[in-house]
Structures are given as structure tokens and as C-alpha cells.
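Engineer: Pasting in a structure now, in C-alpha cells, and then I'll have a few things to ask.
The values are calculated or read from the model by the stated rules, or taken from the named source; none is laboratory data. The model shown is predicted, which means the values in this text are computed figures rather than measured ones. Ideal geometry is used to build each Cβ from the backbone, glycine not excepted, and the neighbour counts take in all protein chains shown. With ligands, DNA and RNA removed, areas are computed over all heavy atoms of the protein, side chains included. Shrake-Rupley method; radii C 1.70, N 1.55, O 1.52, S 1.80 Å.
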There are 2 protein chains.
Amino acid sequence: MSRIRFALAQLNPIVGDVTGNSLSIVAAVSDSYARGARVIVTPEMSITGYPVDDLASSTDFIRQSEAGVTSLATRLASDGFGDAVVVVGYLAEAAQAEFGGARAHNSLAVLHDGRVIASYAKRHLPNYSVFDEERVFVPGDGTLVLDLGGVTTGFLICEDLWRSDGPVTELAAKNLDAVVIINASPFDTGKDDTRFPLLATRAAEFGATVVYVNAVGGQDDLVFDGDSAVLDITGSTVLRAARFESALELIDIAGNGTSSDGIALTEPTDDITPFIGDDLPDIEATWQALVLGVRDYVTKNGFPSIALGLSGGIDSAVCAVIAADAIGASRVFGVSMPSKYSSDGSKDDARALAETVGCHYDVQPIAELVTPFETQLGLTGVAAENIQARARGMILMALSNQHGHLILTTGNKSEVAVGYSTMYGDTVGGFAPLKDVFKTLVWDLARWRNASAESRGEAPPIPVNSITKPPSAELRPDQTDQDSLPPYDVLDAILDHLVSRRDSIESVVAAGFDRATVERIAGLIAGSEWKRRQGAIGPRISRMAFGRERRLPITVRHTPGLG
Amino acid sequence: MSRIRFALAQLNPIVGDVTGNSLSIVAAVSDSYARGARVIVTPEMSITGYPVDDLASSTDFIRQSEAGVTSLATRLASDGFGDAVVVVGYLAEAAQAEFGGARAHNSLAVLHDGRVIASYAKRHLPNYSVFDEERVFVPGDGTLVLDLGGVTTGFLICEDLWRSDGPVTELAAKNLDAVVIINASPFDTGKDDTRFPLLATRAAEFGATVVYVNAVGGQDDLVFDGDSAVLDITGSTVLRAARFESALELIDIAGNGTSSDGIALTEPTDDITPFIGDDLPDIEATWQALVLGVRDYVTKNGFPSIALGLSGGIDSAVCAVIAADAIGASRVFGVSMPSKYSSDGSKDDARALAETVGCHYDVQPIAELVTPFETQLGLTGVAAENIQARARGMILMALSNQHGHLILTTGNKSEVAVGYSTMYGDTVGGFAPLKDVFKTLVWDLARWRNASAESRGEAPPIPVNSITKPPSAELRPDQTDQDSLPPYDVLDAILDHLVSRRDSIESVVAAGFDRATVERIAGLIAGSEWKRRQGAIGPRISRMAFGRERRLPITVRHTPGLG
């Protein structure tokens, strides 16, 4: 029997930043080595970041990734950590390119003694949902098992774990003490409820401890939630890292003796109690995912600050609080842009929000900007309404040009689904925090965030009036969203069927919804695809987000056939 | 020996329009049957249109496609064509869904006698370039060979032909008279120069006549050029349909006798001379592809008209002529939107263009629209420059809202590559004809189109001054594009390396370009990815178009590693 200390380095890489990502690994190794760890595991593609998309076909980038791994091995040895085992994920050139251009593996390298002593290429490549891995990677073959100081350890990469055929079956046939799985597994609400049962099932199949290390952080539209964990052979969670933040957690794993070609590792001399983080309620996890998505988009892209329009409505209020939670209120600039149709209540609510949040606040009325357009072009109806939204977009973009702000687009998923927005008006901006959040969930998040503040003795940041009043775009007198759309509880239920579950119109009608309404909503969804194609990205929190997860034509005409 | 008349129905389906697409097939069958054809071949996915993207995972749409095929078989029989063989492409439910959700085949059905007598599922699924077929389709297995009135015929679908393994090898081992390939193969400049040699090679390998039927038409960002053809066993082209338009071409193919289970077909009683269309010079093919892309986006989406800004520059001039060629000048609305920086020359060139083209022409000065923004917000520098472009975008969108125009975005590929544009300003619009056309090619197209007009005795539509003057955004006094960018011949050469060929910075420098310039351009390309994500779609004419063909992260930081 041996006992080896493993470290789970839940890191937050930046795509392309081989230097920065390598330095994060060095820091994690240094820290955990000092605490007795001799096997340090980092996430899938920890050298390159994930997803790299078509960078995987760049000869230059593959070379950088491979050189990064060998440099890291050298660096770790020269820093005095050569006797540890460090597991990293990287892009590795494949022996043969595939028809069409994929030329690299999504690989894992085991570093020891200043060099790469073993590697493994991911075998199951997800090519559905948000993933395009068959496009960019060549699948590997074979399995990797190493004796790490007496702990006989198998290795897998992310999707390999989710499918029962291939590497899972092959590892299950071996006599293993542990299976290490490195991952860049994106968050969606409730993901932990599928992830942990799967880990427990696999632990039983392997008859081994499973060490699951996931990335954390926002990368464009994806949020990685961490939630790295160790489950023992009975399926019990014996370590669980914090979610939505970088973490470095240690655990000792027992092995059944050293084989003749095993890697000698120093056993720890003390005892540790592994951290077991709390489960988060879905609503809190969703909020944290949105905050992390915004924070990392801002910081990884180097924006000094965020600006957004504050209408007094619920969407902009929630966005402002997310922004303040992400980067601090002092870096958030709210702009009220009232028109002649803006109610006093809306203006009050916008100001009250800014005061409670503590962000910057400016008022830029649009009347004198809009009138020249209306007069010169003789605008009426929708054209006149849209000019107001577009004047607001121009103001925000001008402020961005002058001050470098990232502009947040405040529209929610219900609006994005049916195209209830003015192109180049309220759609302007680089990042849309609520893009994957249905309106009814926006309200839930607002209530949860207020209650959360109250439970900490803080003032609830979102004005109650913004939560309770009927939603309105305020582009004409007494307008409400429900002039154009069904009530949001009905709309969101229909959208859940048509968008999230891809149900047919017939089945939604069979579920009890009004046929004319369902057909109208389906038409609005299809007809606004061109708007979505030009929309800002935003953090994915569902299993059917608009964007890379749902690829549909703009030009489409649904007809049933001749029958 | 037998002789059977084949028809190549080069159709232009609309994605989703099972009824309309089926009626087009009925019309093609009716027409060619009357002229003696008894085997009528339509393109890949002729029932559903192509590409269907994630519609392929819709149970509803699969059902519609399958019902559409059986209804079509019934309809053809009831119309008196039951004794003919009709080959269609469609979406067919797979026996088993794949992990991740693909649940349908990209299939071919052979209709005869009022029913589907045989089918074949595409085996090689392209998942590179603009294709995502491994995402949405389940690959088939096996081959299909039928005796069609004594003509022993094998069947393939598009990508199957391009790879030498699998179905090509299996069919080559059989004793065939003909191989029918149905395709939805998108155009890129020079595609015919790879397509025809491949067809000749395959004809020799099969020892059979190859019957290649391609779709035609624009579908969002893809243009299908038709170019359907028949090559005999020696590789000679014995039939070639017109490109960039629907066509129905006939040819008689000889067979070596009827097998016992062959399909009896009536032989023709007359002789025909198959059509052999001319090869098109690349520049002319490119122009036609742009025109077809615009025309089909307008007509398939039901726009009554097109509007675009006319600056007097080359890009908007070329777009206006493409628009007029696509849908007629009477449906094109040009808008001159001069500022205080617009030269008299520019205004004259815009008006001259509109007069020659014969499109509608309106002048909307922006001075009085811009001043209130500058004054209220205290704008200077880039923020003030961009307000001008955004005011123009607001004018165009207001006209679209009032009249239903499709707005064309006039930016070219060189600008799109480096982000030389004002977001929500000159980028507004639903379709970008020049999105895949580098600036130097825009000039070439302008010269070609003028020369082409002159050769027909028409007035050259594009003012010479628009072609010869230095390009300028005219957002400040005496501005030219070359204040910010290298000369376009240099820029386009660098972009060809970095974008089209995905060359590394080192290799571009090695090719003789200035390192600082190359690094600056590479930085501009990476830094403007967020703009491209929000840009309008436009017709793909190259082998590396922005959009679905080039998938790169917005958040990215390139560093070489620790080494």
C-alpha cells in the first residue's frame, strides 16, 4: 500500500495564451508541491485554453502548444518540481491529417523529470451542442495507464467519460486504483445533477477512485463552472472544489503497490482533510455563471469598464447588478436615456438602482437627437419608434468610443427568441448577459439577488418597482410588451417547448396552448434568425442557447409537402 | 444494348419548402418526360433544400421530408409519370440516433411506379470548411446499384465522390454503365477547375459514364453554381448545363442489357444533341455568383426592394450594380448621405452611378442629424467620426422600416478582415454582397462589369472616377483609407496569406513583407472578430470566407509559451 497526494488544479486559462496559462500551472504546482502533492492535475487544454476552434488547424499554434508543454516540463524541473508528476492538456500534432483539415489531437501530457513521459489523445470527440471537435481534432486510440507511486492510474479526457464504449470499457477491464479525467466541460443549469451521478457510476465500473478536474472561467459564450471532484469507489464525494472560481484542492489516494516500471513519488508526511464544497441552488449557480461570464469577458479582453443603458426596467437593472458583481460598481457606468414616452417612474427606478448599486450614473435625454431624424425623414409608426432605440445605441457606442467601455446588451432570451428588439438600437453592445435567460427567469434572478442581499444585511439592489411593473419598451405612449406578445409566463412556456425542447407545433398545441399563438411565436422565431446572427454573444446557461448551439438557416420556408 | 434518356434537373430549392420544392420536381419531370426522358435526376436534398443545419434533428421536419417524398411519388404516378424513374434527395430518419443527437440520413430516394423503390444514404459526411454534416447526419452504409432499362447505374451523394475510399472503391469494383451523383456543392472561384478533373478521374475508375447533378441558387451565405455535367468514360464532357441558373438538360446513355430484375423503361424514339455550356472566366463566374446570391436572398425572403447608401466610392457602386443585375434597377433605392466632409466629386459620382444604373436616388444630408449628438455628448475624434457613419445607418434602417427594403451592407472583405468599419454604422444591413471580395477584386470586378457593358454596346455603369480615386471613408477632412491601412495591393496580399492560407506571421515575413506591418494586420484581424460575429452574411466566393468557414474565438491572446 502506498499513499500519494494528488492536487486538483481548477485553473482558468485564456485561449491562445500559452505563456500565461503555463505560468498559472507553474504557480499551482509550486503551491501544491509545498503542501505535499506529487501528482498535480490540470484541466483539458490547460496549455492552450478551450475551445480553440479553428486555431486547432494552425500549424503555428500547434507548434506553440507543443513547445509550450516541453518548456513547461523544463521549467518545472528547474524550479525543483521535477520529481512530481504534472498532467496538462494541450494541442498535439497528429501523425496524419484528416480529409478536410483536422490535424491535431486534443491531448493530455504527463510531465515528470523535466520531460513528457507519456501522452494520451482524446478518443471521443463531441460534435453536437456547442462542440465542433470532429471538425478540428483527430481522434486518438489506445489507453494510458501509469503507476504513480503505487497508484495505478488510468487517464481520460472529458467526452471519453460520457460514453460507455471505447476507453471507459477498456479502463474498466484493468485493475486500477484511480482514473484521472481532465475536462473543459461547460456549465448549464443543473449540469452537476448529471455530472455527479455519472462520476459515481463510472467509479463503480472502474472499481477505482475518480479524479475529475474541470476548467473554470468564462470564454466568450461558454462558462466553465469548475466543480472539480473526487469520488471514491462507492460513489461518495470525498472532495469537491468551489464552483465558479479558481481552486487548488488536495487529496491523498491509496495505491496497491508499485510495479517494476512505476514512477517513484514521495508520500506525504502529514494528513489533510479534503475540502467538500456545498452544492449550490440552481438559481445561485445561474447568477454566478452570469457574473463569471461577464467578468472574464471584460478582464480577458482588457476592457477598463462597462457601460449600459438603464431604462428603469428589470433587464437593465439585473444587468447592472451582474456587472457590479463582476467587476465592481466603480467600473460600471449606467446611462439613463429618457424620451418623451419615458415615465417618471422609470426615470426614478433607474436612478434608484444606480444609487443602490453605487455605479456611475448619467442622464442623456434623446428628444433633441431624435427630432431631426423624424423631421428630415418624415418618420411615423415603427420607424419612429425604432429611431429612439437607435439614438440610445448611438449614445452608448459614442461613450464606448470615447472611454473604452464594453457596452452590455441588456435584452433577454425571450426577446432574442421572438426578435422583440430594435436592430442597432437596444441590440448594440459586445456582450449580452441575459441572452440565455428567459424573462421569467430574469425576474426570479432579481428576486433571488435582492433576497440574497437582504440575508447579508445589505440593501436589495433592484428596485421592487422594476420587478413588479408591467414590462414596456416605452417607445410610444402607454405601450407594454403585452401589446405585441403573450404574457411572459405563457411566452416562456411556449419558447421552452419550441426552442429548448425543439418540439413540433402540433405537440405544443397538444400540450394545451392556443394554436394561433403557437404558430405566431414559431413564425417570429424563424423570422428573427437574421437578428440573432448579428447579436452580441452572451453566457450560455441552458442546454439550448442561441448561437453555436442552435444552427438554423436565415432563409427558410416551412411547408408540409404535397400530401 | 439499350438507350435510355436521362434528364439532369438542376433545380433551385428553398430550405424547408417541401411543397414548393416538390412542385419544382413535378414540373421538371413533366417537361423532360414529354421530351423522352425516363430517368430524371434532381440534386442532393432536392426535397428539403440544403443545408438544413439543425433542422436535420427536428422530428417534425424529418417526418415532413419523408412524407414529402412519398407524396411526390404518388403525385408523379397520378400525373402519368409513374413509369419513369425519378431520383430525389431528402432527409430520412436513421434506424438509430447517434450520441449527441444526429438522427437522420442525407439520403437519395428512387421513385418509380408511385412509390420509393430504393434508397441510399450518404456515407462520407463533410465536417470541415462550411460543412457540419457529422453534426446533423448519421452516415449510411452499403451501395446502391439499379438496372435502369438496361443501364446498370450506381448512386453516390456529393462528398462520396470526393473521397477515394468506401463507396467509390466499391462501385468501381462493379460493372456499371453509369454512376449518378447528386450534389449540393457550393461555389467558390475556380471550383470547376477541381470538379471536372475529379469527374474525369472517377469516370475512368468506374469505367462508366458519370452523371453529375448539382443544385443551383443562393442559400444564405452559400451559392450553388449548378454546372451539372455528364462525362463519358474517356473523361470527355458530353453535357454541361449553364451555371448560376436553373436548367433541365437531357442526354441518352447506353446500357449493356437488362438484368432479370431490371426496371423496364421506354427508350427514346428521336435523337438529341446534349447542351455543352461554355466555361466562364473566373471573374465573370464571381460576378454571377454575387448576383445570384443577392437575388435569391431577396426573393426567397420576400423583400420587395433593396436600399443602400451610395457614397460615390467603389464598394457602394459595385453593390448597386450587383443589386440592379439581381432584381432590376426599378427595385433598387440608392441613398446619398453626404456630410460636410463629402467632396463634390463623391456626390457627383453617386448621382452619376444612380443615373446610369437607373435606380431610385435620394439625397439625405447628415449634418443636421449629427450635430445634436456632437453637441450633447461633446464628441471628438473617432467618436465624432463614427457618429456620422451611424447616422447613415439610422437613415437606411428607418427607410427599411418604412418601406420594407433589404439594406445591403457595402463593406468589402479587406475591411471586414481588419475591422475597418463603424459598428452599427456602415455595417448595418441584412446582406453584404462584398463580404468575401477583397478590395483589389472589387476593382477588378468593376472594370470587368464596365467592359462587359461596353462589349454589349451599353453604357459602363460604374463611374471611372469611383474606380480610380483613392478610397476614403470621408469621415474627416482629406482622409484616405491609406492613412490607417497599407496600400490595398499590399494589404490584400498579406490578408491572402494570413486569412486565406492561414500562414503564420513568420512565413509571411519570410515571403518578403514588412514584419511590423504583418504583425499589425494580424492584430487587427484578431481584434475585430467581435465585429465579424455581428456582421451581415454575404455570398461566399472563396475557399476561406468569414463566417461558418472560419471559426475563431473573440477572446484570444496569442503568446509563444515559456521557451
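Engineer: Do you know the relative contact order of the range A:284-481, to the nearest whole percent, from alpha carbon pairs under 8 angstrom that are 6+ apart?
Structural biologist: Values: 337 pairs, mean separation 47.7, N = 198.
Once divided by the residue count of the range A:284-481, the mean separation gives 24 percent.
Engineer: The protein assembly as shown: D in µm²/s via Stokes-Einstein (Kirkwood Rh, Cα pairs, 10 °C, 1.306 mPa s)? Intermediate values should be presented prior to the final figure.
Structural biologist: Details: Rh = 31.5 Å.
Answer from the Stokes-Einstein relation: 50 µm²/s.
Engineer: May I ask for the angle, rounded to the nearest 10°, between helix A:344-357 and the longest principal axis of chain A, with both axes built from Cα atoms and the value confined to 0 to 90°?
Structural biologist: Between the helix axis and the principal axis of chain A, the angle is about 30 degrees.
Engineer: Run the helix sum for chain A: -39,500 (n - 2.57) per DSSP H stretch of 4+ residues, divided by residue count, reported at 222 nm to the nearest 500 deg cm²/dmol.
Structural biologist: Calculated mean residue ellipticity at 222 nm is -11000 deg cm²/dmol.
Engineer: Can you run phi through the Karplus equation (6.51, -1.76, 1.60; θ = phi - 60°) for the range A:59-73 and list ³J(HN,Hα) in whole Hz, with x for Gly and Pro?
Structural biologist: 3, 4, 6, 4, 4, 4, 5, 5, 5, x, 5, 5, 5, 5, 4
Engineer: Summarise the partner chain shielding of A:47-58 as one whole number: the mean count of Cβ atoms from other chains within 10 Å of each residue's Cβ.
Structural biologist: Numbers: counts 1, 0, 4, 1, 2, 4, 5, 7, 6, 1, 3, 5.
For this peptide, the per-residue mean of nearby foreign Cβ atoms is 3.
Engineer: Select from B:Gly512, A:Ser78, B:Ala28 the residue farthest towards the positive end of the dipole of the protein assembly as shown; place +1 on Cβ of Lys and Arg, -1 on Cβ of Asp and Glu, and compute about the Cα centre.
Structural biologist: Looking along the dipole axis, the top candidate is B:Gly512.
Engineer: Does anything in the range A:80-104 have its amide N under 15 Å from the 7 Å Cα→Cβ label point of B:Thr169, and if so which residues?
Structural biologist: Flagged as within label range: A:99.
Engineer: For B:Leu406, what residues show an amide H to amide H distance below 5 Å, using hydrogens built from the backbone and excluding near sequence neighbours?
Structural biologist: Sorted by chain and number, the residues that satisfy this are B:Ser305, B:Ile306, B:Ala307.
Engineer: Got a sec? Which residues of the range B:119-154 lose 30 Å² or more of accessible surface with every protein chain in place, vs. that chain alone, 1.4 Å probe?
Structural biologist: When all protein chains are present, B:Asn127, B:Tyr128, B:Glu134, B:Arg135 each give up 30 Å² or more of accessible surface.
Engineer: While we're here: For the range A:190-331, what is the accessible area per residue in Å², given a 1.4 Å probe and the full set of protein chains? Working shown, then result.
Structural biologist: On the way: 4700 Å² over 142 residues.
Computed with neighbouring chains in place, this is 33 Å² per residue.
Engineer: Here is a follow-up. Among B:Ser107, B:Ala242, B:Pro365, which residue has its Cα furthest toward the positive end of the charge dipole of chain B, with +1 on Lys/Arg Cβ and -1 on Asp/Glu Cβ?
Structural biologist: Of the options given, the answer is B:Pro365.
Engineer: OK, next. List the distances, in nm to one decimal, from the label point of B:Leu23 to the label points of the same position in every other copy, shortest first, placing each label point 7 Å from Cα along the Cα-to-Cβ direction.
Structural biologist: Distances to the matching label points in the other copies: 6.5 nm.
Engineer: Continuing with the same structure: Any idea what the relative contact order of the range B:67-135 is, in percent, if you count C-alpha pairs under 8 Å spaced at least 6 apart?
Structural biologist: 29
Engineer: For the protein assembly as shown, what proportion of DSSP beta bridges, expressed in % and rounded to the nearest 5, is antiparallel? Can you show the working numbers first?
Structural biologist: Working: 80 of 146 bridges.
The antiparallel proportion sits near 55 percent.
Engineer: Could you give, in nm with one decimal, how far A:Arg163 is from each other copy of that position, shortest first, with labels 7 Å out from Cα toward Cβ?
Structural biologist: 1.5
Engineer: What would the Debye equation give as log₁₀ I(q)/I(0) for the range A:2-264 at q = 0.11, 0.12 Å⁻¹, counting only Cα atoms as equal point scatterers?
Structural biologist: Debye intensities relative to I(0), on a log10 scale: -0.52, -0.63.
Engineer: Ignoring ligands, DNA and RNA, what percent of the 1.4 Å accessible area of the protein assembly as shown is carbon and sulfur? Before the final figure, lay out each step's value.
Structural biologist: Working: 19000 of 37510 Å².
Summing carbon and sulfur atoms, their accessible area is 51 percent of the total for the protein assembly as shown.
Engineer: Oh, and also: Would you kindly derive the ³J(HN,Hα) couplings of the range B:15-26 from the backbone phi angles with the Karplus curve 6.51 cos²θ - 1.76 cosθ + 1.60 (θ = phi - 60°), listing them in order in whole Hz, with x for Gly and Pro?
Structural biologist: After applying 6.51 cos²θ - 1.76 cosθ + 1.60, I find 4, x, 8, 4, 5, x, 5, 5, 5, 5, 5, 4 Hz.
Engineer: Using θ = phi - 60° and the Karplus curve 6.51 cos²θ - 1.76 cosθ + 1.60, what whole-Hz ³J(HN,Hα) does each residue of the range B:175-191 get, with Gly and Pro shown as x?
Structural biologist: Per residue, the Karplus-derived 3J(HN,Hα) values read 9, 9, 8, 8, 10, 9, 10, 9, 9, 10, 10, x, 5, 9, 4, x, 4 Hz.
Engineer: Further, regarding this structure: Ranked highest first by average number of other Cβ atoms within 10 Å, how do B:323-332, B:112-121 line up? It would help to have the intermediate numbers written out before the result.
Structural biologist: Values: B:323-332: 20.5, B:112-121: 18.0.
Per-residue Cβ counts within 10 Å, averaged per peptide and sorted highest first, yield B:323-332, B:112-121.
Engineer: Hey, another quick one. Per the Kirkwood definition applied to all pairs of different Cα atoms, how many angstroms is the hydrodynamic radius of the range A:90-177? It would help to have the intermediate numbers written out before the result.
Structural biologist: On the way: mean 1/r = 0.0716 Å⁻¹.
Kirkwood hydrodynamic radius for the range A:90-177: 14.0 Å.
Engineer: Take peptide B:423-430, look around each residue's Cβ out to 10 angstrom, count Cβ atoms belonging to other protein chains, and average those counts.
Structural biologist: Working: counts 9, 12, 3, 0, 2, 4, 3, 6.
So the per-residue partner count for this stretch is 5.
Engineer: About the Cα centre of the range A:351-397, how large is the charge dipole given +1 on each Lys and Arg Cβ and -1 on each Asp and Glu Cβ? Please answer in debye to the nearest 20.
Structural biologist: Numbers: 3 positive and 5 negative charges, 19 e Å.
Magnitude of the dipole: close to 100 debye.
Engineer: Oh, and also: Assigning unit charges at the beta carbon (Lys, Arg +1; Asp, Glu -1) and nothing else, what dipole magnitude in debye, to the nearest 20, does chain A show about its Cα centre? Please report the intermediate quantities before stating the final value.
Structural biologist: Working: 47 positive and 72 negative charges, 197 e Å.
In total the dipole reaches around 940 debye.
Engineer: Among DSSP bridges having both ends in the range A:172-232, what percentage is antiparallel? Round to the nearest 5.
Structural biologist: On the way: 8 of 14 bridges.
Taking every DSSP beta bridge with both residues in the range A:172-232, the antiparallel ones total about 55 percent.
Engineer: Additional query: Taking only C-alpha pairs under 8 Å that are 6+ residues apart, what is the relative contact order of the range A:101-191 in percent?
Structural biologist: Values: 140 pairs, mean separation 21.7, N = 91.
Relative contact order for the range A:101-191 comes out at 24 percent.
Engineer: Also, I was wondering about something else. What is the set of long-range amide H partners of B:Val180 at a cut-off below 5 Å, with H atoms built 1.01 Å from backbone N?
Structural biologist: Distant-sequence amide H within range of B:Val180: B:Gly154, B:Phe155, B:Leu156, B:Val211.
Engineer: Sorted from shortest, what are the nm distances separating the label point of A:Asp344 from equivalent points in the other copies, each placed 7 Å from Cα along Cα to C-beta?
Structural biologist: Relative to the other copies, A:Asp344 has label-point distances of 5.6 nm.
Engineer: Going by a 1.4 Å probe on protein heavy atoms, which residues of the range B:208-231 end up with at least 50 Å² less accessible surface in the whole assembly than in their chain alone?
Structural biologist: Buried by 50 Å² or more upon assembly, which counts only protein chains, are B:Asp220.
Engineer: Which is farthest toward the positive dipole end of chain B among B:Thr169, B:Leu475, B:Ser500, measuring Cα position about the Cα centre, with Cβ charges +1 (Lys, Arg) and -1 (Asp, Glu)?
Structural biologist: B:Leu475
Engineer: On each of the three principal axes of the Cα atoms of the range A:284-481, give max minus min coordinate, whole Å, ordered largest first.
Structural biologist: 52, 36, 31
Engineer: I'd like to compare A:354-360, A:424-430, B:512-518: which one has the highest average count of other Cβ atoms within 10 Å, and what's the full order after that? Spell out each step's value before the answer.
Structural biologist: Details: A:354-360: 19.0, A:424-430: 25.6, B:512-518: 13.9.
Peptide ranking by packing, descending: A:424-430, A:354-360, B:512-518.
Engineer: Can I ask one more? Using square roots of five times the C-alpha gyration tensor eigenvalues, list the equivalent-ellipsoid semi-axes of chain A in whole Å, biggest first.
Structural biologist: On the way: eigenvalues 447, 130, 98 Å².
Semi-axes from the Cα gyration tensor: 47, 25, 22 Å.
Engineer: Within straight cross-link reach of B:Lys174, meaning Cα distance under 28 Å, which lysines are found once same-chain residues fewer than 8 apart are removed?
Structural biologist: B:Lys122
Engineer: Using alpha-carbon positions, what is the distance between the centroids of the range A:352-430 and the range A:447-469, in Å?
Structural biologist: Each part's Cα centre sits 25 Å from the other's.
Engineer: In addition: Could you tell me the total accessible area buried at the B-A interface, probe 1.4 Å, in square angstrom to the nearest hundred?
Structural biologist: Chain pair B/A: roughly 8000 Å² of buried accessible area.
Engineer: Between the alpha-carbon centers of the range A:278-306 and the range B:487-549, tell me the distance in whole angstrom.
Structural biologist: So the separation of the two Cα centres works out to 32 Å.
Engineer: For the protein assembly as shown, with only Lys/Arg (+1) and Asp/Glu (-1) charged at the beta-carbon, what is the dipole magnitude about the Cα centre, in debye rounded to 20? Can you show the working numbers first?
Structural biologist: Working: 94 positive and 144 negative charges, 212 e Å.
Taking the Cα centre of the protein assembly as shown as origin, the dipole is about 1020 debye.
Engineer: How big is the antiparallel share of DSSP beta bridges in the range B:2-264, given as a percent to the nearest 5?
Structural biologist: On the way: 39 of 58 bridges.
Taking every DSSP beta bridge within the range B:2-264, about 65 percent pair in antiparallel fashion.
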